[in-house]
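Below you'll find the structure, written out as structure tokens, and then a few comments.
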Amino acid sequence: MNNISSVYSKKIVVCIPARYASTRFPGKPLAELDGKPIIQWTYDRACRTIADKVVVATDDKRIMETVEGFGGNCVMTSTEHFSGTDRVWEAVRREDAGIIINIQGDEPLVNIDTVNNLILSMKENPENEIGTVAVRIKRETIGKDPNAVKVVINNEGYALYFSRSEIPYDRTGDSLSRLYLHLGIYAYRYDILKKFISLEPGILEGCEKLEQLRALENGINIYTIIADGYNGIGIDTPEDLSNAEQFIKKMNY
């Protein structure tokens with residue numbers, strides 16, 4: 001892990017929320033991927049970023065024992081949290097952190113360069129309250145998929161809206177408008193994360209079931225960096241795990 005705390009006064013902390021319960025894939029963080037658990041893959045890649053500290057936030061003893069078993073940092077959190085962001089806040093609230101990076105525990109192949117670019121973007125632009133990542137993708141690939149979250153971005157790089165719907169909608173079929181897939185990696189300033197988790201879910205969040213809309217509904221800006229490409233594979237199902245195994249073998253990870 002490369003340390004840049006000599007340049008910045010507050011720590012950069014990567015927090016990985018991981019819970020055992022999952023509707024589609026129970027025990028997902030502990031499922032083996034090429035010989036080691038998914039959570040270890042995610043943790044190891046996070047440790048290769050320019051963050052100062054990496055910690056897993058969980059509500060399950062089995063996950064905690066696994067993380068500590070491979071030498072990782074882990075914090076036991078409440079089982080009553082509504083979201084992963086709430087879990088992250090409990091884990092980092094006592095840290096001397098300036099920026100908190102939220103990487104989902106089911107992203108074992110998260111792009112290290114992308115995370116580093118997100119961190120640097122937050123450090124170089126103090127007016128950015130939350131940072132996230134998107135990638136340009138073919139409209140026919142994800143346009144009508146409600147599980148693929150789309151984001152519309154203004155000319156200054158700030159998110160206008162996130163949706164499960166095809167936005168912007170191409171009415172004529174020949175528009176040059178870009179379609180961006182949102183990647184669920186977030187960077188929060190400490191005080192903004194504290195504020196965010198105190199806010200009540202809004203109408204838009206309730207409609208789309210997208211937590212980031214709570215920030216937009218309350219006037220918190222979300223700056224979006226554009227990644228060159230997406231080589232991460234989120235694990236939501238056993239089928240995703242099989243795809244990740246094939247990807248690892250193909251790319252010689």
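Since every read-out is calculated from the coordinates, none of them should be taken as a lab result. Please read all numbers here as calculations on a predicted model, not as lab measurements. No Cβ is skipped: glycine too gets one built from the backbone with ideal geometry, and neighbour counts run over all protein chains shown.
Taking the Cβ-Cβ separation of Leu160 and Lys138 as r and a Förster radius of 22 Å, what is the calculated FRET efficiency to the nearest 0.05?
Details: r = 21 Å, r/R0 = 0.95.
Calculated transfer efficiency: 0.55.
Most exposed first by the Cβ proxy, i.e. fewest other Cβ within 10 Å, how do Val55, Val88 rank?
Details: Val55 22, Val88 28.
So the ranking, lowest neighbour count to highest, is Val55, Val88.
I want to check the label-to-label distance for Ala148 and Asn218. Put each point 7 Å from Cα in the C-beta direction and report it in nm to one decimal.
So the two model labels end up 3.1 nm from each other.
Using +1 on the beta carbon of Lys and Arg, -1 on that of Asp and Glu, and nothing else charged, what's the dipole of segment 86-139 about the Cα centre, debye to 20?
On the way: 7 positive and 10 negative charges, 64 e Å.
For segment 86-139, the charge dipole is close to 300 debye.
Could you work out the Kirkwood radius for segment 128-167, taking every pair of different alpha carbons, averaging 1/r and inverting it, reported in Å?
Working: mean 1/r = 0.0914 Å⁻¹.
Radius from the Kirkwood sum: 10.9 Å.
Taking a point 7 angstrom from the Cα of Arg93 along the C-beta vector, which residues in segment 58-87 have backbone N less than 19 Å away?
Under 19 Å, as judged by backbone N against the label point of Arg93, lie 58-60, 74-87 of segment 58-87.
Taking a quarter of the surface of the Cα convex hull of segment 52-148, what do you get in nm²?
On the way: hull surface 33.8 nm².
Its Cα hull, projected and averaged over all orientations, spans 8.5 nm².
Name the residues of segment 171-206 whose amide N is less than 16 Å from a point 7 angstrom out from the Cα of Ile226 along the C-beta direction?
Residues 176-183 qualify, since their backbone N sits under 16 Å from the label point.
Fewest to most neighbouring Cβ within 10 Å: what's the order for Met64, Met122? Let's see the in-between values first.
Details: Met64 19, Met122 23.
Lowest count first: Met64, Met122.
For the chain, compute Rh as the Kirkwood radius over C-alpha pairs and then the Stokes-Einstein diffusion coefficient at 25 °C and 0.890 mPa s; write the answer in µm²/s, rounded to an integer. The partial results should precede the final answer.
Details: Rh = 18.7 Å.
D, rounded to a whole number, is 131 µm²/s.
Stretched out fully, how many nm does the piece from Glu124 to Ile112 gain, at 0.36 nm a residue minus the Cα gap? Mind dumping the intermediate values first?
Details: separation 12, 0.36 × 12 = 4.32 nm, distance 1.84 nm.
Result for the pair: 2.5 nm of gain on full extension.
As an exercise, identify the GluC sites (Glu not before Pro) in segment 61-119 lying in DSSP coil whose Cβ has no more than 12 other Cβ atoms within 10 Å. Please report the intermediate quantities before stating the final value.
On the way: sites: Glu65, Glu68, Glu80, Glu90, Glu95; in loops: Glu80, Glu95.
Loop-located and lightly packed - Glu80.
I want to verify a result. In a Gaussian network model of the chain, Cα cutoff 10 Å, which of these has the top mean-square fluctuation: Ala51, Ala134, Ala148?
With Cα springs under 10 Å in the chain, the top fluctuation among Ala51, Ala134, Ala148 is at Ala148.
Cut-off is 10 Å between beta-carbons; in what order do Lys138, Lys28, Lys123, Lys195 appear when sorted fewest neighbours first?
Working: Lys138 9, Lys28 24, Lys123 19, Lys195 15.
Result, fewest neighbours first: Lys138, Lys195, Lys123, Lys28.
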